Amino acid sequence: MNYKLVFHILGLILRVEAVLMLPAMVIGFASGGGDGRAFLYSALITLAVGHLLSLLPGKGSKMQARDGFACVALCWIVLSLFGALPYVFAGTLPNYVDAVFETVSGFTTTGATVFTFIEGQPMGVLFWRAQTQWMGGMGVLVLALALVPKLGEGSVYLMRAESPGPIKSKLTPRVNDTAKILYSIYIGLTVAEAICLRLAGMPWYDAVIHAFTTISTGGFSVKDASIAAYGSLAIEWIIIVFMFLSGINFALLYFALLRNFRAVFESEELRSYTLMTVGASALIVLNLVVHANWALDARTVTDSVFQVVTLMTTTGYMTYDYVLWPTFSQVILVLVMFAGGCAGSTAGGIKQIRVVLLFKNLRREVHRILHPRVVTTIKSDGDRVDEPILSGISLFFFAYIFLLLLGTLVVAWDDVGFTGAFSASLTCISNVGPAFDVLGPTCNFAFLSNTSKVFLTANMLLGRLEIMPLLLLLFPGLWKKR
């Protein structure tokens, strides 16, 4: 591994993080909540360490694939460790394990929280909490590529390692230009939603916070009751629309802006995502009306669609405690949590493209048994999918299930019941946020042991980075100096 280059990039990322702490610091001082100094001290410490690391002469070095994976994994870990400082200095989360859990939940856009009283937190802390989700939604290294001078040809490895999905989209020949296009769309959606929410009656501060955490599909709210606190169908449908858009591959949104609608409509992943959203919503409406005696009205449809979209896109807002729904509806929600949104979006989960290709691969294997001499290729959107990609998807699915079950075993030690342990592990590795049973949408993760919190924190990072970058850190071969 090229240590000088990796540490140089770590320093650069920490300097970016220090600057991004300033808005929360200003809000903290302006609101008189006492958290302004916490952000000032945190920013100074982060800036100092970042400056020292960035002095290492690694800028001219050539980056290779292993350096890119190492940079992404280490950057997310270091950003989380320093991003937890404001919570500790402000006294809102004096336990550093809790502070790191909340920070990782933010950066990975998971939305699981250890706060027991959100509305009692200082405004600066709540803003930073939401801003970490916005920073992590598109990717902190993609943000750095858009803001700072290019790192040379090797910068493509950073985007490949951080961008979700088995098939990477490169919109322009230059990685920095692609990063700028993605962030332009990201910022445009954020501004548009904030304006829409304000017009629907939400205060400006709340509108900005929820725009941050919707477009990033994070789900942190300034209300203990989440979106249910506003009691507005207009607000809920605005959030539904923007959550759904944020779960779409941003490359397709870019093609739509260029009026290349053919590329959009031909996307198999988008069709799968849309059909699963509509189908799951319809099944839950039917289940609530038939088995729970709900009225077939706007509220029933809205609650059903909202919970499907918020869990499929792994946002994690709440308008109704779905733990009270019939078992059939809860199972539907678990399935959409597994599937997640589209690759190249801010959503988590396995990703729709992997689900589609796994089923195609299953169909091919059955066909191969029936017709052993026939050679069949798998295509996606008309293009042939290479065998290494299909193999990688199978390995990812195995690792995902293994970590899910291992997380269930660890959390079960806290005696939270099978449903609570399984859903806690699932919600963290899929970056969803709320779970089921004692960890449902009206609960929090504060009562879990530090052991469970540390493992779930690792699962959140593994889920956001899609396992491999962090897994590579465990292999001695990565650390050999070159």
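The values are calculated or read from the model by the stated rules, or taken from the named source; none is laboratory data. Owing to the predicted nature of the structure, the values given are computational and were not obtained by experimental measurement. Please note: Cβ atoms are built from the backbone with ideal geometry, for glycine as well, and neighbour counts cover all protein chains shown.
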Take the conditions at positive phi and either in contact with a Ser or Thr (Cβ under 6 Å, 6 or more places away or on another chain) or not in a loop (DSSP other than H, G, I, E, B) (or both) and apply them to residue 392. Does it pass? no
Count of residues meeting criterion [touching a His at 6+ places or on another chain (Cβ under 8 Å) and free of Cβ contacts under 8 Å to residues at least 24 places away in the same chain] in region 227-253: 0
Kindly indicate whether residue 214 is closer than 20 Å to residue 333 by Cβ and crowded, with 22+ Cβ neighbours inside 10 Å. yes
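Which residue is surrounded by the most Cβ atoms within 10 Å (Cβ to Cβ), if the candidates are limited to region 264-283 and must be touching a residue at least 60 places away in the same chain (Cβ under 8 Å) and closer than 16 Å to residue 381 by Cα?
Narrowing region 264-283 to residues touching a residue at least 60 places away in the same chain (Cβ under 8 Å): 266-270, 272-273, 276.
Going one step further and asking which of them are closer than 16 Å to residue 381 by Cα, we end up with 266-270, 272-273.
Numbers: 266: 12, 267: 22, 268: 16, 269: 26, 270: 20, 272: 17, 273: 28.
It comes out as 273.
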Which numbered condition in (1) assigned to a loop (DSSP other than H, G, I, E, B); (2) under 25 Å from residue 322 (Cα atoms) is the only one that residue 373 fails? (2)
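Which one of these is assigned to a loop (DSSP other than H, G, I, E, B), in contact (Cβ under 8 Å) with a residue 24 or more places away in the chain and within 20 Å of the chain's Cα centre (by Cα): 445, 455, 397?
Details: 455 fails: assigned to a loop (DSSP other than H, G, I, E, B); 397 fails: assigned to a loop (DSSP other than H, G, I, E, B).
The match here is 445.
I'd like to check something: does region 19-27 contain any residue that is in a helix (DSSP H, G or I), closer than 26 Å to residue 466 by Cβ and modelled with pLDDT of 95 or more?
Going residue by residue through region 19-27, those that are in a helix (DSSP H, G or I) are 19-20, 22-27.
Restricting the remaining residues to those that are closer than 26 Å to residue 466 by Cβ gives 20.
Within this subset, residues satisfying the condition of being modelled with pLDDT of 95 or more are none.
No: zero hits.
Within the group 38, 48, which residue is closer than 15 Å to residue 90 by Cα and out of contact with any strand residue (DSSP E or B) (no Cβ under 8 Å at 6 or more places or on another chain)?
On the way: 48 fails: closer than 15 Å to residue 90 by Cα.
Unique residue meeting the criteria: 38.
Please find, within region 324-333, the residue that is nearest to the chain's Cα centre (by Cα) out of those that are part of a helix (DSSP H, G or I) and surrounded by fewer than 19 Cβ atoms within 10 Å (Cβ to Cβ). Walk me through it before giving the result.
Pass one, region 324-333, residues part of a helix (DSSP H, G or I): 324, 327-333.
Okay, now just the ones that are also surrounded by fewer than 19 Cβ atoms within 10 Å (Cβ to Cβ), so 324, 327-328, 331.
Numbers: 324: 26, 327: 27, 328: 26, 331: 22 Å.
My answer is 331.
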Give all pairs with beta carbons closer than 7 Å in which a residue from region 314-333 that is over 20 Å from residue 276 (Cβ atoms) meets a residue that is among the hydroxyl-bearing types (Ser, Thr, Tyr); count only pairs at least 6 apart in sequence or on separate chains. 318/226; 321/442
Answer yes if at least one residue in region 422-441 is over 17 Å from the mean Cα position of the chain (by Cα), among the aliphatic types (A, V, I, L, M), crowded, with 17+ Cβ neighbours inside 10 Å and under 19 Å from residue 331 (Cα atoms), and no otherwise. yes
If we scan region 305-314, do we find a residue that is assigned to a loop (DSSP other than H, G, I, E, B) and out of contact with any Gly (no Cβ under 6 Å at 6 or more places or on another chain)? no
Any idea which of (1) over 28 Å from residue 297 (Cβ atoms); (2) at pLDDT below 95; (3) not in a helix (DSSP H, G or I) is the one residue 231 doesn't satisfy? (1)
With (1) within 23 Å of residue 343 (Cα to Cα); (2) of a type in the set (Ser, Thr, Tyr); (3) in contact with a Phe, Trp or Tyr (Cβ under 6 Å, 6 or more places away or on another chain) as the list, and residue 394 as the residue in question, which single condition is left unmet? (3)
In region 198-226, residues that are assigned to a loop (DSSP other than H, G, I, E, B) and either touching a residue at least 60 places away in the same chain (Cβ under 8 Å) or on the phi > 0 side of the Ramachandran plot (or both) total 11
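With over 23 Å from residue 446 (Cβ atoms), β-branched (Val, Ile, Thr) and not in a loop (DSSP other than H, G, I, E, B) as the only criterion, which of 88, 97, 72 stands out?
Values: 88 fails: over 23 Å from residue 446 (Cβ atoms); 97 fails: over 23 Å from residue 446 (Cβ atoms).
One residue alone meets the criteria, 72.
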Residues located in region 384-421, provided they are buried (at least 17 other Cβ atoms within 10 Å of the Cβ) and among the acidic types (Asp, Glu): 414
